[in-house]
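Every number here is computed from the coordinates shown, using simple stated rules; none is lab data. Predicted model, so just to flag it, every value in this text is computed and none were measured. Here Cβ is always computed from backbone atoms with ideal geometry, including for glycine, and neighbour counts include all displayed protein chains.
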Amino acid sequence: MILKVQESVSDLKIGLYGTRVECFASVLRQHGIGYTLVQDISEVDETFDFVFESGVYSIIPETTLVKPKYGFIGTHETPLPEGRGHAPIQWTILNNRKNMVVTLYKLNKGVDSGQIICQQNVFFDRTDTLEILNSKREAGIVACFQTFIEELKEGVLVLRDQTGKGSYHKRRTAKDNELDVDKSLADLWDHIRICDNDKYPAWFRMGDKKVVLRYEVKIDNT
């Protein structure tokens, strides 16, 4: 589906919402395009043409999704329809994928089920920690959004339906970060490196004690 955008990009009212808005903002500034930071979802009304969101962990009501003229555009770090739902980076690693896929898509009332605008492969290394994976995720969002803006400047918005078999990833909790003490560190590494050292660290049990494990990767110059 090709949607014609009648307005010049510079005349569009663009909103940015979520914890990763800087990924969008950096591209818009590069192109000299203005934007409005949305602090609360209740600020979105019918005067907006687009609202771009990333790093939003609550459901946006359908009544709000339809307010912007061209809708809400969001990101998800799996090759949709595979991997809808929670913790895309963590599940990408645990499912032994060789790369992450950043998907830019139009939100609808379903869970990560809207029409796809573009997808960007992001490759990672075996020693990449969660911090590095997050940085690579952001770089992928920037690259994907850059492609979108280039098309938008031509006055088109290309949307394609999701195809293939979908899957859904469940929410992960602190309990999921428990390590199996019967496995080697090499076998546990993927499980360790997807843990957040500060908020949700890896841990294991030793008798009646809970041992918290925090990790760091360094270049060995010895």
Given the -39500 (n - 2.57) contribution per DSSP H run of 4+ residues, what per-residue ellipticity at 222 nm results for the chain, rounded to the nearest 500 deg cm²/dmol? -7500 deg cm²/dmol
Here the convex hull volume per residue of segment 61-152, taken over Cα atoms and given in Å³, is 93
Loop-resident GluC sites (Glu not before Pro) in segment 129-187 with no more than 13 other Cβ atoms inside 10 Å, DSSP not H/G/I/E/B, are GLU154
Would you mind getting me the FRET efficiency between THR173 and GLU43? Use the beta-carbon distance for r and R0 = 22 Å, nearest 0.05. 0.10
Subset of LYS106/LYS170; LYS98/LYS183; LYS67/LYS136; LYS136/LYS210; LYS67/LYS153 violating a 28 Å alpha-carbon distance limit: LYS67/LYS136; LYS136/LYS210
Linear extension gain, THR147 paired with ASN99, 0.36 nm per residue minus alpha-carbon span: 15.3 nm
Quotient of C-alpha Rg and 2.2 N^0.38 Å, computed over segment 106-172: 1.35
In segment 102-222, what is the volume of the convex hull around the alpha carbon atoms, normalised per residue and reported in Å³? 171
If you project the alpha carbons of segment 1-132 onto their three principal axes, what span does each projection cover, largest first, in Å? 45, 32, 31
Which distance in Å, rounded to a whole number, links the C-alpha centroids of segment 44-82 and segment 16-41? 13
Apply 1/(1 + (r/R0)^6) to the Cβ-Cβ distance of ILE219 and VAL181, taking R0 = 45 Å, and write down the FRET efficiency to the nearest 0.05. 0.95
For LYS109, list the aspartates and glutamates whose Cα falls under 20 Å from its own Cα; do not include residues on the same chain fewer than 8 positions away. ASP40, GLU43, ASP45, GLU46, ASP49, GLU53, GLU62, GLU77, GLU82, ASP161
Starting from segment 11-91, pick out the GluC sites (Glu not before Pro) whose DSSP state is loop and whose Cβ has at most 15 other Cβ atoms within 10 Å. GLU46
Could you pull the Rg and Dmax for the chain, using just the Cα atoms, both in Å? 19.5, 67
FRET efficiency, LEU159 to ASN197 (Cβ-Cβ, R0 25 Å, nearest 0.05): 0.05
Filter the trypsin sites (Lys or Arg not before Pro) in segment 144-222 to those in DSSP coil with at most 15 other Cβ atoms within 10 Å of their Cβ, and list the result. LYS165, LYS170, ARG171, LYS183, LYS199, ARG214, LYS218
